[in-house]
Amino acid sequence: MSQNLNDLLSGIACLEVKGRLDRSVTSLVIDSRRVTPGCVFFALPGLRSDGSFFIDEAIERGAVAIVSSQPRQFTPSGVTAIRVERPRVVLAEMARRFYRAPDEVLKVIGVTGTNGKTTVTHLVKHLLESPGEKVGMIGTISYDLGERTVPAFRTTPESVDVYGMLSQMRNAGCRRAAMEISSHGIKQNRVKGLRLEVAAFLNLTRDHLDYHGSMEDYFQVKAQIFTGEVGTLPEVAVVNLDDPSGRRLLTMIPEGVRTITFGQAADADIRGSDVELGFQSTAFSVHWAGGEQRIESPLLGVYNLSNLLASLAICQATGREIASVLPRLATFPGISGRMERIENPFGFNLLVDYAHTDDALRNALQMLRKITPGRILVVYGCGGNRDRTKRPIMTRVVQETSDLAWATADNPRKEPLPSIFSDMRAGVEDPSRIQFVDDRRHAISLALDEAREGDSVLIAGKGHESFQEFGDTIIPFDDRLVARELIEIKEIKPPQS
């Protein structure tokens with residue numbers, strides 16, 4: 001695939017252009033290490049490094065054009081230097097053109113919210129997909145491109161990757177794509193100009209304040225995909241009425257955008273009631289304009305009821321009859337690392353979940369409290385180089401909603417673990433019910449040794465992740481595999497006296 005640089009740049013405001021624009025472009029690249037002859041290299045500003053530092057490397061590797069916000073004193077002949085005010089915005093527009101606007105053919109469903117994005121996108125894919133209709137997906141765990149599925153490297157990738165993936169889905173015959181849209185993705189213009197058939201808002205709770213600075217900024221950023229500030233308006237907005245931010249968002253949605261609401265609230269368009277939380281499933285009645293039905297799902301907890309209602313509302317937004325997709329809820333296989341049950345012969349409930357915020361932990365532990373006859377045991381940690389303010393809050397939540405806890409390493413990244421533990425300890429109210437254990441495997445082992453029949457053990461924070469980050473090193477570590485290995489060891493260990 002190649003395009004003409006002049007066509008890709010047509011109508012885009014440039015501060016300065018040095019060199020010719022009538023040239024063939026083979027790809028758009030933001031990583032100098034991936035530059036190949038014929039590409040355009042975008043020198044994007046970053047939090048830790050600036051792409052301008054890698055322009056010379058990109059030129060040496062064969063880039064035919066450079067897009068940057070910084071003036072450049074010298075550019076070799078044969079290379080076009082383009083200076084723009086906002087490189088990420090230009091990248092998004094050029095990427096959409098380069099891949100021939102795949103969002104005009106694909107119907108894209110964008111899902112945003114602090115918690116539940118992964119569950120809802122997987123549910124939507126499961127409910128809408130059929131032998132005659134393939135549904136692609138972009139999200140935290142993986143990217144389903146129609147003909148192949150690859151591991152995810154970011155919840156919402158850069159715009160050039162987003163449009164490239166949507167192009168692959170279109171070429172593979174997909175008719176729709178379900179996509180997680182993070183606040184980082186919105187604020188960094190990764191979804192700039194993306195046409196959405198449906199935009200869905202799930203909830204807003206404390207997270208990413210190290211990046212946004214305030215809950216108000218966090219909310220306003222997420223609202224942009226509903227108000228047209230990303231460049232387009234969705235055809236339909238799906239909004240959670242049980243969340244105060246959802247009700248506020250509803251008042252901001254422009255006329256002409258159809259809205260569908262969901263929740264347990266009496267005025268929700270898709271409403272859940274008569275909820276029964278079980279050890280293996282969740283049962284509830286769902287009500288909509290065309291009827292009502294009692295259903296049972298293997299997903300656990302009230303927050304998953306919200307996710308189920310959201311997925312049904314999205315299906316209705318795409319034109320599907322709710323009654324036609326309800327039978328498929330019972331066949332949903334669940335999601336890797338989202339309240340994933342690890343089988344064991346000891347009579348306790350062992351679950352691995354991605355909960356890594358105070359709200360997600362509270363929801364998970366309160367749900368387990370309602371269905372667990374014994375004690376609640378939890379292993380959790382806080383990521384390094386991320387929002388420090390939530391660490392003591394997470395610890396307070398764990399102390400308030402569990403019986404015993406083991407605080408341990410999550411992904412320390414480049415932050416010393418003692419520093420992370422120090423922040424977490426500020427939330428300790430009863431030291432007798434929590435241990436701080438450096439090694440995550442050892443912490444899990446201690447929890448499993450403590451567990452008895454009727455207890456629930458929650459290993460929280462990493463979910464589907466198969467690694468840990470220490471400094472510049474990534475090591476293999478999967479909570480699910482570790483838990484299974486330790487269960488096998490526990491089976492052959494002599495019983496404790």
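Quick note: the coordinates plus some simple rules give every number you see, no bench work behind them. These numbers come from a predicted model, not from an experiment. When we count neighbours, we look across all protein chains shown, and the Cβ atoms used for this are built from the backbone with ideal geometry, even at glycine.
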Problem - Protection proxy ranking of 3-10, 428-435 - average other beta-carbon atoms within 10 Å, highest first - result: 3-10, 428-435
Fill in the blank from the handout: To the nearest 10 degrees, the tilt of helix 390-401 (Cα long axis) against the first principal axis of the alpha carbons of the chain is 30 degrees
Handout entry: Angle between the chain longest axis and helix 87-98 axis [Cα atoms, degrees, rounded to 10]
Key = 80 degrees
Completion exercise
Taking a crude spin-label model, label points 7 Å out from Cα along the C-beta direction, the residue 485 to residue 1 distance in nm is 4.1 nm
Handout entry: Theoretical gain in end-to-end length, residue 248 to residue 281 [0.36 nm per residue, Cα-Cα removed]
Key = 8.7 nm
Exercise for the section: Calculate, in nm to one decimal, what residue 442 and residue 229 gain on full extension: separation in residues at 0.36 nm each, minus their alpha carbon distance. Expected result: 71.9 nm
Problem - Helical mean residue ellipticity (222 nm; -39500 (n - 2.57) per DSSP H run of 4+; nearest 500) of the chain - result: -9500 deg cm²/dmol
Completion exercise
The simple spin-label model distance between residue 289 and residue 474, using points 7 Å out along Cα→Cβ, in nm, is 4.6 nm
Exercise for the section: Give the long-range amide H neighbours of residue 435: residues separated by 5 or more places, or on another chain, with amide H under 5 Å away, using H modelled in the peptide plane at 1.01 Å from N. Expected result: 405, 406, 407
Handout entry: Using θ = phi - 60° and Karplus 6.51 cos²θ - 1.76 cosθ + 1.60, couplings along the stretch 250-255 (whole Hz; Gly, Pro as x)
Key = 4, 6, 9, 6, x, 4
Handout entry: Per DSSP, loop GluC sites (Glu not before Pro) in the stretch 290-373 with at most 13 further Cβ within 10 Å
Key = 321, 343
Practice task
List every residue whose amide H lies under 5 Å from the amide H of residue 238, counting only residues 5 or more places away in sequence or on a different chain, with H placed 1.01 Å from N in the peptide plane.
Solution key: 199, 200, 201, 260
Practice task
Output ³J(HN,Hα) for the stretch 55-61: one whole-Hz value per residue in order, computed from phi by the Karplus curve 6.51 cos²θ - 1.76 cosθ + 1.60 with θ = phi - 60°, and x for Gly and Pro.
Solution key: 5, 4, 4, 4, 5, 4, 7
Practice task
Could you work out how far apart the two model spin labels at residue 85 and residue 60 are, taking each label as a point 7 Å from the Cα in the direction of the beta carbon, and quote it in nm?
Solution key: 3.5 nm
Handout entry: Cα pair distances exceeding 42 angstrom across the chain, given as percent
Key = 22 percent
Practice task
Report the FRET efficiency, 1/(1 + (r/R0)^6), for residue 369 and residue 467, where r is their Cβ-Cβ distance and R0 is 30 Å, rounded to 0.05.
Solution key: 0.45
Fill in the blank from the handout: The distance between the Cα centres of the stretch 307-321 and the stretch 1-73, in whole Å, is 41 Å
Exercise for the section: State the extension gain, in nm to one decimal, for the chain segment bounded by residue 24 and residue 324, taking 0.36 nm per residue of separation less the distance between their alpha-carbons. Expected result: 103.1 nm
Problem - Gap separating the Cα centres of the stretch 365-411 and the stretch 219-281, nearest whole Å - result: 28 Å
Practice task
Give a residue-ordered list of calculated ³J(HN,Hα) values for the stretch 465-470 (Karplus: 6.51 cos²θ - 1.76 cosθ + 1.60, θ = phi - 60°; whole Hz; x for Gly, Pro).
Solution key: 4, 10, 8, 10, 9, 10
Exercise for the section: Please give the net charge around residue 334, taking every other residue with its beta carbon less than 15 angstrom from that of residue 334, where Lys and Arg add +1 and Asp and Glu add -1. Expected result: +1
Practice task
Kindly express, to the nearest 10 degrees and within the range 0 to 90, the angle between helix 479-492's C-alpha long axis and the longest C-alpha principal axis of the chain.
Solution key: 30 degrees
Handout entry: Under-5 Å amide H pairs with residue 470, H placed in peptide plane, nonlocal only
Key = 413, 475
